[in-house]
Structure formats: structure tokens, C-alpha cells
Amino acid sequence: MWLYIFKRILLAITIIVLAVTLLFLMIRAVPGDPAAVLLGPRATPEMKARLHEQMGLDKPLILQLVSFFGGLLHGSLGFDVFSRKPVADIVFEQLPYTIELILVSIIWAVVIAVPLGCYSAIRRNSLVDHVAGVLTVATIAIPSFVMAVYALLIFAVTLHWLPAIGVGNGVWNGLIHLILPGFAIGIGWVGYISRLVRASMLEILGENHVRMARSFGISEWRIVARYALPLAILPTVTILGAGIAWLLSAAVFIEVVFARPGIGALIVNAVNTRNYPIVMGVVLVTTVVIVAATTLSDLINAFLDPRIRERL
């Protein structure tokens, strides 16, 4: 297991370096002069040149990349062009809001989808199974931002059950403000997870060790919970780890709709103003989060199924 963990961490570091390098080059390829955007149309060539020097844009591209990675080795992501605050401070001020939104959306999806997938597998071809199949396909087809708008109109504007915007004050009030945006993102994953759990459960319920458990008179629900679900949940753990990138992109729209702080609004504003240090800081942090989530899902799978770590 320790060898497997070492190999996965080494692979994760390699992926992060390659991804950040590629995104660094792509950001620099975006049309437009950041100095012209930041300083406005009345900026003189001397002012633009001075800002280029402050941002390091007067150096060759390869030297800019080396300087960026050199700063990373010293724990620095650079400084914001406007406020001159450290980029790391700005990004990590906003990141917890996005992380908590993603966690709540995952909880929404798992709590609904896993029991639904298990029940559909046990009661295969029943009325509940058919109705669940239709509903899960519908949740997959509806984009998260559309779900967010309708949820906002119904539960906040019309019924006044839940708050519409902001993050609230205090733990309890903050959780209440997370219900609608978390539901808007998580409901789309109910279809994916429940169908995946159902398919995996049907396959595992037909295996020999499950038949053996039935022959000993063990109840069906105990067989599902103890012998089938730990194996059936493996594809779900994998898709959740790989789906962090999608969840982060969905969070960008949801944070805008519900006027929540987070890295979504931060990255949109930074791209519009060509604020390269902020863009690269957000890109780096989100890349690390995505790779870390994928690696963690692989480690959980390897812990639950020893056969996985023997293949690497």
C-alpha cells in the first residue's frame, strides 16, 4: 500500500507541473495587453512599459515560466496587480467558500443517489425502478445553472423558504444559505451516481460470494450493506474524484447566480482584467485540488479493493 501511495503522489506531482505549464502558456496566448486593460486608454507607453516590468511581462516567455516556478518553490504565487497583496492570501480567502459549496453538493448527491441506486437494483424492473430511471435521466439533462435559477425562483422568491443570495452569518445561517446552491449543483449528479450504483449493484448481486451469503439465510439488506455496497461504491468514488473539475466549473455559475464569494467570481474578474498573477494563482490551486481529489479517490479505491494496488 505504501508503494502504491508513493507512485500515486509522484504521478500527481507530474500532472500538476504539466498542467500548470500548459495553462501558463495558454493564458499568455490570450489576446490583449494587460497593461492597456489595467491602466486604461489614456496610459502612456512609459506607464505600460513600467507595468510590464512590474508584472515580468518584459522577459521572454520561458524566463517568465521559470520565474513562476521559482516563486512556487519559495511558497509565493506573486502579488495582485491592483492591491499588491499576495496572491496566495487572496485565493485562500475565497477558496473555502467554493470548497464548502462543493462538499455540500456532493453530500446532497450521495445521500439521495446511493440509496436510490441500491433500491432500484434490489427492486429491478419495479415501478419505483422505472420512475427513478426517468427522474435520474431528467436530472442529468438539466444544467446546473438552470436548476439554480428555478430553485431560486421557487424556494426563495415565491415560497420564501430559503435565502436567495449571500453566505449568511454564523454556522447555522451559513448552512441554510448553502442548501439551494448545493442542491443546484448536486442534483445533476444524482442521475449519474444512482445509475452507476444500480449497474454495479446488479453485477455484484449476481456473483458467487453473494449467492453464498444468501444460502446461509442472511437478509437481503444485510447482504447489500455488508457484501455488495462496499464493492459497488468503487466506481462512484472514482467518478466523484474525477468529477471535481466539473463541480468547480459548475460552482463558477452558481456563485454568480447566488451572489456568493468564491474562486468563481475571482477568476472571472481576473480574466476580464488580464490580472495574470490572480489567474495563475487560481489555476494552480484548482489544479492541485482536482489532482488531489483524483488521487484521494484512487487511494480510497485501493484501500477498499486490494486488487487495484497490485495492478500499478
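The values are calculated or read from the model by the stated rules, or taken from the named source; none is laboratory data. Because the structure is a prediction, the values reported are computed rather than measured. Using ideal geometry, Cβ is built from the backbone for each residue, glycine included, and neighbour counts are taken over all protein chains shown. Keep in mind that these areas ignore ligands, DNA and RNA; they rest on the heavy atoms of the full protein, side chains included. Shrake-Rupley method; radii C 1.70, N 1.55, O 1.52, S 1.80 Å.
Give me the helices (runs of 4 or more DSSP H) completely within segment 213-312, filtered to those with at least 1 residues that are under 26 Å from Val104 (Cβ atoms), ordered by residue number.
Where helices (runs of 4 or more DSSP H) fall fully within segment 213-312 and carry at least 1 residues being under 26 Å from Val104 (Cβ atoms), they are 229-232, 234-242, 244-257, 263-272, 276-304.
So Phe258 passes all but one of these: (1) more than 13 Å from the chain's Cα centre (by Cα); (2) open to solvent by less than 50 Å² (accessible area, probe 1.4 Å); (3) within 30 Å of Gly71 (Cα to Cα); (4) not hydroxyl-bearing (Ser, Thr, Tyr). Which condition number does it fail?
(3)
Yes/no matrix, rows are residues, columns are (1) part of a helix (DSSP H, G or I); (2) open to solvent by 30 Å² or more (accessible area, probe 1.4 Å); (3) of a type in the set (Asp, Glu); (4) closer than 24 Å to Ala225 by Cα:
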residue: Gln94; (1), (2), (3), (4): yes, yes, no, no
residue: Thr98; (1), (2), (3), (4): yes, no, no, no
residue: Pro115; (1), (2), (3), (4): yes, yes, no, yes
residue: Val167; (1), (2), (3), (4): no, yes, no, no
residue: Ile185; (1), (2), (3), (4): yes, no, no, no
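Which one of these does Val87 not meet: (1) aliphatic (A, V, I, L, M); (2) open to solvent by 80 Å² or more (accessible area, probe 1.4 Å); (3) touching a Gly at 6+ places or on another chain (Cβ under 6 Å)?
Result: Val87 passes all but (2).
Restricting to segment 139-163, name every residue that is surrounded by 13 or more Cβ atoms within 10 Å (Cβ to Cβ), part of a helix (DSSP H, G or I) and at pLDDT below 80.
Thr139, Ile140, Ser144, Phe145, listed by residue number.
Quick check on my filter: what residues within segment 8-47 are farther than 16 Å from Val283 by Cα, surrounded by 12 or more Cβ atoms within 10 Å (Cβ to Cβ) and modelled with pLDDT of 75 or more?
The answer is Ile9, Leu11, Met47.
I'm checking my understanding of the structure. Among residues of segment 54-65 that are under 18 Å from Val87 (Cβ atoms) and not polar (S, T, N, Q), which one is modelled with the highest pLDDT?
Leu65
Matching residues to (1) over 17 Å from the mean Cα position of the chain (by Cα); (2) within 25 Å of Ala132 (Cβ to Cβ):
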position	(1), (2)
Ser144	no, yes
Leu152	yes, no
Trp161	yes, no
Val167	yes, no
Trp172	yes, no
Leu175	yes, no
Leu178	no, no
Ala184	no, yes
Trp189	no, yes
